[in-house]
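K.L.:
Take a look at the following structure, please.
The values are calculated or read from the model by the stated rules, or taken from the named source; none is laboratory data. Keep in mind that this is a model prediction, so the values were computed, not measured. Glycine gets a Cβ as well: all are built from the backbone with ideal geometry, and neighbour counts include every protein chain shown. Heavy atoms of the whole protein, side chains included, go into the accessibility calculation; ligands, DNA and RNA do not. Shrake-Rupley method; radii C 1.70, N 1.55, O 1.52, S 1.80 Å.
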Amino acid sequence: MKHGFSGLLSFFVFTAAITAQTKQDRILGIWMSTENKLMVEVYKVNNSFKAKVLWFNDTDDKSKPYTIRTDEKNPDHSLRNRKLLGLEVLHGLTYNAEEDKWENGRIYDAKSGKTWDASIAITDEHLLKVRGFWHFEFFGETMKFKRI
């Protein structure tokens with residue numbers, strides 16, 4: 001009986017660990033903005049979540065296709081020659097299980113060259129709600145993404 005109980009307890013602990021892992025990893029994958037203007041890949045390094053640019057709509061300037069555009073608005077002049085394609089634009093996110101959201105991240109806006117605080121939540125419609133803000137979440141903007 002003792003082995004049966006410890007085996008059952010081990011099973012529940014293992015199952016709880018897998019469920020927690022799966023829940024925080026729900027944001028992993030490829031996402032397209034609901035406006036179909038930006039595609040990113042969310043990935044994980046250790047316990048921190050990051051995102052990089054896979055594609056963006058370049059119809060604003062046909063003379064510069066997205067494949068050759070660089071980070072020309074970056075405040076650090078030494079980074080202005082790096083390509084936007086593949087650029088890490090989000091880093092440092094950690095999962096808060098109590099709030100069921102990812103927070104304490106930083107998001108980079110290549111259009112303005114500014115970096116903001118960031119959080120992510122998944123909506124009831126299974127959309128990724130990415131919030132960039134300045135110190136307080138109500139001072140910011142939100143983008144929504146659908147899973148590809």
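K.L.:
For the cross-link pairs K37/K101; K37/K114; K62/K146; K62/K101, which exceed 28 Å when the distance is taken from alpha carbon to alpha carbon?
P.N.:
K62/K101
K.L.:
What distance in nm separates the two pseudo spin-label positions at R147 and K23, each 7 Å out from Cα along the beta-carbon direction?
P.N.:
Here the answer is 1.7 nm between the modelled labels.
K.L.:
Taking the stretch 70-139, how much of its Cα-Cα pair set, in percent, is spaced more than 15 angstrom apart?
P.N.:
58 percent
K.L.:
For the chain, set up a GNM with springs between Cα atoms under 10 Å and report which of G132, G113, G92 has the largest fluctuation.
P.N.:
Maximum fluctuation in the GNM of the chain, among the listed residues, is at G113.
K.L.:
Can I ask one more? I'm checking a number: the convex hull volume of the Cα atoms of the stretch 99-148, normalised per residue, in Å³. What is it?
P.N.:
Expressed per residue, the convex hull around the Cα atoms of the stretch 99-148 is 90 Å³.
K.L.:
I need the GluC sites (Glu not before Pro) found in the stretch 39-148, filtered to DSSP loop residues with at most 14 other beta carbons within 10 Å of theirs.
P.N.:
Sites meeting the loop and neighbour criteria: E72, E98, E99, E125.
K.L.:
While we're here: Tell me, what does the Kirkwood hydrodynamic radius of the stretch 19-76 come to in angstroms if you use every pair of distinct C-alpha atoms?
P.N.:
Answer for the stretch 19-76: a Kirkwood hydrodynamic radius of 13.6 Å.
K.L.:
Among the trypsin sites (Lys or Arg not before Pro) within the stretch 31-72, which fall in a DSSP loop and have no more than 13 other Cβ atoms within 10 Å of their own Cβ?
P.N.:
Hits after loop and neighbour filter: K62.
K.L.:
Using the heavy atoms of the protein chains and a 1.4 angstrom probe, tell me the accessible area per residue for the chain in square angstrom.
P.N.:
On a per-residue basis, the chain sits at 66 Å².
K.L.:
How much of the accessible area of the chain, in percent, comes from carbon and sulfur atoms when a 1.4 Å probe is used?
P.N.:
58 percent
K.L.:
Here's a follow-up. Counting Lys and Arg as +1 and Asp and Glu as -1, what is the net charge of the other residues whose Cβ lies under 9 Å from the Cβ of F56?
P.N.:
Here the charged neighbours net out to +1.
K.L.:
Another question about this same structure. Run the quick spin-label model on K114 and K129: label points 7 Å from Cα toward the beta carbon, then report their separation in nm to one decimal.
P.N.:
2.2 nm
K.L.:
Next up: Please list, short to long, the whole-number percent of alpha-carbon pairs of the chain in consecutive 10 angstrom bins beginning at zero.
P.N.:
10, 35, 30, 13, 6, 4, 1, 0
K.L.:
In square angstrom, rounded to the nearest 10, how much accessible surface does M143 have for a 1.4 Å probe?
P.N.:
That residue has around 80 Å² of solvent-accessible surface.
K.L.:
Taking 7 Å along the Cα-to-C-beta vector as the label spot, tell me the N47-E137 distance in nanometres, rounded to one decimal.
P.N.:
Distance between label points: 2.0 nm.
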